[in-house]
Amino acid sequence: MRRKLAAGNWKMNGLAADLAQIDMLVAALPSCDVDVLICPPTTLLERMSRRATGIFTGAQDCHAATNGAHTGDVSAAMLVDAGASHVILGHSERRADHGETDAAVCAKLLAAWAADLVAVVCVGETQAQYESGETLDVIRRQLAGSIPDGPTSARLVVAYEPVWAIGTGLVPSLAEIGAVHGFIRAELAARFGERTAQGVRLLYGGSVKPGNAAQIFAVADVDGALVGGASLKADDFVPIVTALNAA
Ligand code: PEP
């Protein structure tokens, strides 16, 4: 049985005052039987980790090195030191804004695992790739290049996030989501074995909202969601977590 996971990616949003959202989340979730993860900006990570009782906290990126002359970067060990248990890696915004290649993401995963972080690795096609029917080829390439050998189901989560669905209000059809998630699990099984593949949680990400969450969570092989905009306010995120709990 895979334990479901509702993950929030705050991206570059959030000041100290927004930690009140975490208090509301903690108050609203005691009866939930799913894992809840919030990945705030690094500046809030330690403070959020201290007050997020019953909620995992994570980061949105890490450097591949353990320490050294990398101005502005943060290592996986530093994130653990600040209270993180998870780290999002290979988000499409980092791939686009910072030119992160699959090889770079792969090196970061190794660093994350060495520090005992759970890696939430993101894959997904652009709109042009979607329209030209390349989705599965892109996903296959990103999985092969971004995930190193040696994953366990406890330390790897894969998020399918079509780039064209992120922050746009657009969502693939439920059949498309199911097909890609099934494909991802089959790819993981072919490379790492059925046992590992069956244990890895697969999240859907891209314009998940309170109004569409339940439908998406009913799709086979969807074990939760990676949520951007709708994770910023407890009023939006709690109904998503509740829908996952009921799925
Ligand atoms: C994301 O960026 O990971 C994401 C899924 O964003 P949104 O939910 O806002 O589309």
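The values are calculated or read from the model by the stated rules, or taken from the named source; none is laboratory data. It should be emphasised that the depicted structure is a prediction, and the values quoted were computed from it without experimental measurement. No Cβ is skipped: glycine too gets one built from the backbone with ideal geometry, and neighbour counts run over all protein chains shown. Only protein heavy atoms, including side chains, enter the accessible area calculation; ligands, DNA and RNA are left aside. Shrake-Rupley method; radii C 1.70, N 1.55, O 1.52, S 1.80 Å.
Quick one: pull the percentage of alpha-carbon pairs in the chain with a separation above 32 Å. Counting pairs separated by more than 32 Å, the tail of P(r) holds 13 percent.
Neighbours of Ala165, meaning other residues whose beta-carbon lies under 11 angstrom from its beta-carbon, give a summed charge of -3 when Lys and Arg score +1 and Asp and Glu score -1. Summary of packing: across the peptides 200-211, 125-136, 177-188, 7-18, the per-residue average of other C-beta atoms within 10 Å ranks them, highest first, as 200-211, 177-188, 7-18, 125-136.
For the peptides 155-164, 19-28, residues were scored by their other Cβ atoms within 10 Å and the scores averaged per peptide; the highest-first order is 155-164, 19-28.
For the stretch 188-247, the spread of Cα coordinates along the three principal axes comes to 40, 20, 14 Å, biggest extent given first.
Normalised by 2.2 N^0.38 Å, where N is the number of residues, the C-alpha radius of gyration of the stretch 59-148 stands at 1.13. Under 17 Å of direct C-alpha separation, and excluding same-chain neighbours fewer than eight residues apart, Lys11 reaches these lysines: Lys209, Lys233. Just so you know, the averaged projected area of the alpha carbon convex hull for the stretch 1-108 sits at 7.8 nm². Centre-to-centre, using Cα atoms only, the stretch 166-185 and the stretch 48-98 are separated by 26 Å. May I ask for the net charge around Arg141, where only other residues with Cβ less than 11 Å from the Cβ of Arg141 are counted and Lys, Arg are +1 while Asp, Glu are -1? Neighbourhood net charge equals -4.
Computed over protein heavy atoms with a 1.4 Å probe, the carbon and sulfur contribution to the accessible area of the stretch 25-113 reaches 53%. At a probe radius of 1.4 angstrom, the accessible area of the chain per residue rounds to 43 square angstrom.
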